[in-house]
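K.L.:
Right, I'll just put the structure down here and ask away after.
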Amino acid sequence: MKRVAVAVLTSILAIVGAELLAVGQVDLSEFPIGSTRMVYAVRSEDLSEPQTMELTVTAYGDDQYKVRMVTESIGNEDELATGFGFIFGSASVSSGTGQDADYSSLQALMDQRQRLQEGQNYALPGADFVDIIGVEIAGVWCLEGTIVDDDDPDNRMSVAFALTNPVYISPRIRVLELQDGEWVETFALELVEYTLDESGG
């Protein structure tokens, strides 16, 4: 939840390519044959307009895949110079705006997400995953909860785990910061469209 600096867009795209092939909320082998298209809206307090990120995973069979990412942003020169691009891992998202959402403490729960139950709370090292509810995000059924960090009570992050459809990045991540007694969203990434083209598109 701390701000981090990220490299310029060319470096980001090189890193993203390696990261996407290595890690994700699910393994590439869980994607059905064909092209699964996931479109995310990304908001940050540092951007005047939301960014759009489209991620397509094409599974050909025989352990062959193609991962394609397209990002789009509208903003002024400063916003586009520093706020364009993303780095994704299975348990973290960094944007060019300096926002970092690290939910690595949830990796064990993410791996066991089919066993999680609504209304339950789960203890994590140094934090708790609480207020778990079932939600539908872009047609994908998910369990969503909030990470409450014992060492950082002024920041919270909600994360949704997809249950019914494979997604490469969590369907929703929201980072909240306590500012003047109110919770303010400082970063959000949300799945807004999910489609499967079984012809391989």
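Just so you know, all these numbers are worked out from the coordinates, no wet-lab data involved. What you are looking at is a predicted structure, and each value in this text was computed from that prediction instead of being measured. Positions of Cβ are generated from backbone atoms using ideal geometry, with glycine treated the same way; all protein chains shown enter the neighbour counts.
K.L.:
How do Asp151, Asp197 line up, fewest other C-beta atoms within 10 Å first?
P.N.:
The order, fewest Cβ neighbours first, is Asp151, Asp197.
K.L.:
Please give me the summed charge of the neighbours of Thr146: other residues whose Cβ is under 12 Å from its Cβ, Lys and Arg +1, Asp and Glu -1. Mind showing how you got there, number by number?
P.N.:
On the way: positive: Arg156, Arg172, Arg174; negative: Asp128, Asp131, Glu144, Asp149.
Computed value for this residue: -1.
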